[in-house]
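Student: Handing you this structure, nothing more for now.
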Amino acid sequence: MSTDFLPGSTSGNEDIRYLQSQNGNMYSGDFGVQGAQSMSTSEFEPLRSDVPSDIPFCTEALGRSPDAVNLWIGDGRSVTSIHSDPYENIYTVLRGAKHFTLLPPTEGWCLRERTFPHATYSRCTKTGKLFIEPTVGADEIRWSSVSTPHVPGVLPDEAHPVHITLEQGDTLYLPAGWWHHVRQLNGATTIALNWWYDMEMRGMSWVTLSFLRGIIEVPSENADDANKEIHKILTRFFLPPVFYLLAIMPKDKSEKKDKKRKEAPDAEPVADVEMVDADGPKSKKAKKGKEEIVIPAEDLSPLAHPLAQKKLVKKLHKTIKKASKARQVKRGVKEVVKGIRKGEKGLLILAADINPIDIISHLPVLSEEAHIPYIFVASKEELGHASSTKRPTSCVMVCPDQKRKKRKDGEKEDKDDDYRELYDECYKEVEKLDTQIAF
């Protein structure tokens, strides 16, 4: 959608003109593809000699070409409502200034999304004015009900909005899934370009974003906001934006994060773990030749639900040890994800003291989709020890139907090798637990 700009047309009775077609009005995704370039036409084709079809270092880093390149033109009255896109966004201002209000994917809850009827603007043939015309038979649209997130006091106190102004020549990298509200410089025409790179659908990114969007049931536009306490619940485990940007989708390197703890003087060996209140005493007591470490509840993620109690933890550790001996376990995020994608079935055990929780937050979603029950245990050190490794382990999946290791010649079968009965017992107990997020 192109438009003409009339100098000085700022009357409140006139249309607000904003060029924002968002469909690759400069370049579309097939531009540059052999045999397709002739089909990729644009009304702004005369400008293409001044606008590159990609950003070379971004194309190299992301491993793909842009899906779309868009030209944006607007004035101080042109506002883009807050939303998020499944694109890695490179945004450059050529003239004027753009004011961005940004929120990370973890804080979409504070935007009070609702479902609204689909509609389009139509122009009245008699008066020439625009009016909103509902679209018959179209699905409702999910959108934020917050129209002015940049205004102080509109968002909850727990929100962490980031305010950025891009001036002429400035470029912003906006990660996929980040919420953004955009305004223009008052009293002037602002011109900008952006390059949209499709996000990586494999791995954790898409699963995590879908999980964050699906955590709350979205009411209709006229529904009462019955759950006024929802932000109190969600802010207990959502991360501030700067930390989220640095920590989003990290690799499983929890053993490095515990290096200082292990190297601390007078460090004691890790043994059985028991969960207590944060204010409770951190006592140690001997039992069966081992020491039992008391872990404060504050060290466990609020996402860790269901969390196994002491009796079930012992059964799980025993099952994992026997399964590890038979080499019927998947250990670590990479192996577990690979096993789930291959259709392997089993029981997933996750560590509740992993930090940041983003390392494994996508695994419950994957396991639910694959109909694999999951359970959290308190200690990653104990989980690693049970799975026959000295390193802390974020997750283990026991796969009893996986092909067992071959025995060496002359090696007798150990009566403890058959752990199926113990596994079935654990499996049934975990299945009975409520896996919905609870606090």
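The values are calculated or read from the model by the stated rules, or taken from the named source; none is laboratory data. Computed from a predicted structure; not experimentally measured. Neighbour counts run over all protein chains shown; Cβ positions are idealised from the backbone, glycine included. Surface accessibility is based on the protein's heavy atoms, side chains included, excluding ligands, DNA and RNA. Shrake-Rupley method; radii C 1.70, N 1.55, O 1.52, S 1.80 Å.
Student: Which ones in the stretch 72-99 are assigned to a strand (DSSP E or B), of a type in the set (Gly, Ala, Ser) and touching a Leu at 6+ places or on another chain (Cβ under 6 Å)?
Tutor: ALA97, the sole residue that qualifies.
Student: Another question, then. I want to confirm something. Restricting to the stretch 415-426 and keeping residues that are within 15 Å of ASP401 (Cα to Cα) and surrounded by 18 or more Cβ atoms within 10 Å (Cβ to Cβ), which single residue is modelled with the lowest pLDDT?
Tutor: Among those residues, the one meeting the criterion is TYR419.
Student: I'd like the residue in the stretch 132-159 that is of a type in the set (A, V, I, L, M, F, W, C) and in contact with a strand residue (DSSP E or B) (Cβ under 6 Å, 6 or more places away or on another chain) and, out of all such residues, is surrounded by the fewest Cβ atoms within 10 Å (Cβ to Cβ).
Tutor: Checked the stretch 132-159; the qualifying residue surrounded by the fewest Cβ atoms within 10 Å (Cβ to Cβ) is ILE132.
Student: Mind counting the residues in the stretch 182-201 that are outside any loop (DSSP other than H, G, I, E, B), over 18 Å from GLN20 (Cβ atoms) and of a type in the set (D, E, K, R)?
Tutor: Adding up the residues that qualify gives 1.
Student: Which one of LEU71, LEU62, LEU19 is touching a strand residue (DSSP E or B) at 6+ places or on another chain (Cβ under 9 Å), modelled with pLDDT of 90 or more and not β-branched (Val, Ile, Thr)?
Tutor: The conditions single out LEU71.
Student: Can I ask one more? I need a count of the residues in the stretch 332-359 that are open to solvent by 80 Å² or more (accessible area, probe 1.4 Å) and either free of Cβ contacts under 8 Å to residues at least 12 places away in the same chain or not in a loop (DSSP other than H, G, I, E, B) (or both).
Tutor: Looking only at that region, the number is 5.
Student: Restricting to strands (runs of 3 or more DSSP E) lying wholly in the stretch 141-181: which have 3 or more residues that are closer than 20 Å to ILE90 by Cβ?
Tutor: 162-167, 171-174
Student: Within the stretch 100-119, can you find the residues that are outside any helix (DSSP H, G or I) and touching a strand residue (DSSP E or B) at 6+ places or on another chain (Cβ under 7 Å)?
Tutor: PHE100, THR101, LEU102, LEU103, ARG112, GLU113, ARG114, THR115, PHE116, PRO117, HIS118, ALA119
Student: OK, next. Mind checking which residues of the stretch 75-124 are of a type in the set (Val, Ile, Thr), open to solvent by 50 Å² or more (accessible area, probe 1.4 Å) and over 16 Å from SER147 (Cβ atoms)?
Tutor: THR120
Student: So, one more: Of the conditions (1) farther than 22 Å from TYR87 by Cα; (2) in contact with a Gly (Cβ under 7 Å, 6 or more places away or on another chain), ASP157 fails just one. Which one is it?
Tutor: The failed condition is (2).
Student: Does any residue of the stretch 43-51 turn out to be open to solvent by less than 30 Å² (accessible area, probe 1.4 Å), touching a strand residue (DSSP E or B) at 6+ places or on another chain (Cβ under 8 Å), outside any helix (DSSP H, G or I) and modelled with pLDDT of 90 or more?
Tutor: Yes: the stretch 43-51 contains one or more residues that are open to solvent by less than 30 Å² (accessible area, probe 1.4 Å), touching a strand residue (DSSP E or B) at 6+ places or on another chain (Cβ under 8 Å), outside any helix (DSSP H, G or I) and modelled with pLDDT of 90 or more.
Student: Cβ contacts < 6 Å: first residue over 18 Å from THR101 (Cα atoms), restricted to the stretch 70-83; second residue at pLDDT 90 or above and open to solvent by 30 Å² or more (accessible area, probe 1.4 Å), any location; separation 6+ or different chain. Result?
Tutor: Note: pairs meeting the criteria are ILE73/ILE191.
Student: Now, a different point. Going by what's in this entry, would THR127 be described as of a type in the set (Ser, Thr, Tyr), open to solvent by 70 Å² or more (accessible area, probe 1.4 Å) and modelled with pLDDT under 90?
Tutor: Here the answer is yes, as THR127 does meet what is asked.
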